[in-house]
1. I'd like to check something: does the stretch 195-204 contain any residue that is in contact with a Gly (Cβ under 9 Å, 6 or more places away or on another chain), among the small types (Gly, Ala, Ser), at pLDDT below 95 and at negative phi?
2. Go through (1) among the hydrophobic types (A, V, I, L, M, F, W, C); (2) in a loop (DSSP other than H, G, I, E, B); (3) under 30 Å from GLU200 (Cα atoms) and name the single condition LEU112 misses.
3. Starting from the stretch 40-67, keep only residues that are buried (at least 23 other Cβ atoms within 10 Å of the Cβ), then list their pairs with residues that are among the small types (Gly, Ala, Ser) and outside any helix (DSSP H, G or I) whose Cβ atoms are within a distance under 8 Å, requiring at least 6 positions of separation or different chains.
4. Give me the residue from the stretch 68-93 that is part of a strand (DSSP E or B) and charged (D, E, K, R) and, out of that set, surrounded by the most Cβ atoms within 10 Å (Cβ to Cβ).
5. Restricting to the stretch 10-39, give me the number of residues that are of a type in the set (Ser, Thr, Tyr), surrounded by 13 or more Cβ atoms within 10 Å (Cβ to Cβ) and modelled with pLDDT of 85 or more.
6. State which residue is farthest from ARG139 (Cα to Cα) when the search covers only the stretch 156-204 and only residues that are among the hydroxyl-bearing types (Ser, Thr, Tyr) and not in a loop (DSSP other than H, G, I, E, B).
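The values are calculated or read from the model by the stated rules, or taken from the named source; none is laboratory data. Since the model is a prediction, treat every value here as computed from it, not as a measurement. Positions of Cβ are backbone-derived with ideal geometry, glycine not excepted, and every protein chain shown enters the neighbour counts.
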Amino acid sequence: MAKSRQSRRAPGERFDRAYYERFYLNSRTAVTSRTEMRARARLITAFVDHIGLPVRRVLDAGCGIGLLRASLKRNWPRVDYVGLETSEFLCTRYGWQRGSLTNWRASEAFDLVICYDVLQYLDDRDAARALANLGRLCRGVLYTTALTTQDWQRNCDQSRTDQDVYLRSGDWYRQRLRRSFRPVGAGLWLRRGAPLITWELEVA
């Protein structure tokens, strides 16, 4: 069951310059760092390369200021990278595609889909719709994380983390993700039916 701290402002109003200045652009208050995000990109690309998935198309859903883009492009220089955002500020500044993961469609599925720290900003209904849409948009590997109730209580730095979110259990997400994906661990999931082989002890 979600514990809501969510504001009633529309996403286009909420995710404005002030939001990104606080949580991403100001090093004194930022929730993450470029070093951390480069390490995250190495984790994703190393697994994808290890499993032998050819990557031509990448969707970064809720890409923010694009902290993963440079590392992904460094590993796959010719990849078609699509950044998706609801924020008018970000789309104007960085040229991302504007849309919501709840209903955004593409003409072709993506080999790799990344959805990092997005789902906790959606209520239960929209988060469920977004998770189902990830199954339609991804044909290979999904990397996803979201702030959970346990993370808020035990793991995150509450002074830097946005509390204006919907907190749910990890099992709430896992139950819905398993409809389209198989868990591998470390936030990585394999699309069911994809011709990708994992060894037994590699799977979570």
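1. Keep residues of the stretch 195-204 that are in contact with a Gly (Cβ under 9 Å, 6 or more places away or on another chain), which gives 196-197, 202-204.
Still in the running and among the small types (Gly, Ala, Ser): 204.
Filter again for at pLDDT below 95, leaving 204.
Imposing the further condition that a residue be at negative phi reduces the set to 204.
Among the residues of the stretch 195-204, at least one is in contact with a Gly (Cβ under 9 Å, 6 or more places away or on another chain), among the small types (Gly, Ala, Ser), at pLDDT below 95 and at negative phi, which makes the answer yes.
2. (2) is the only condition that LEU112 fails.
3. VAL48/GLY140; LEU59/ALA106; ASP60/GLY66; ASP60/GLY83; CYS63/GLY83
4. Initial filter on the stretch 68-93 (part of a strand (DSSP E or B)): 80-85.
Remaining after also requiring charged (D, E, K, R): 80, 85.
Details: ASP80: 13, GLU85: 26.
Applying the filter and picking the extreme gives GLU85.
5. Quick first cut of the stretch 10-39, residues of a type in the set (Ser, Thr, Tyr) only: 19-20, 24, 27, 29, 32-33, 35.
Now narrow it down to the ones that are surrounded by 13 or more Cβ atoms within 10 Å (Cβ to Cβ): 19-20, 24, 32.
Imposing the further condition that a residue be modelled with pLDDT of 85 or more reduces the set to none.
Total meeting the criteria: 0.
6. Our first condition is that a residue be among the hydroxyl-bearing types (Ser, Thr, Tyr); within the stretch 156-204, this holds for 159, 161, 166, 169, 173, 180, 198.
Cutting the leftovers down to not in a loop (DSSP other than H, G, I, E, B) gives us 166, 173.
Values: TYR166: 28, TYR173: 19 Å.
Residue satisfying both the conditions and the ranking: TYR166.
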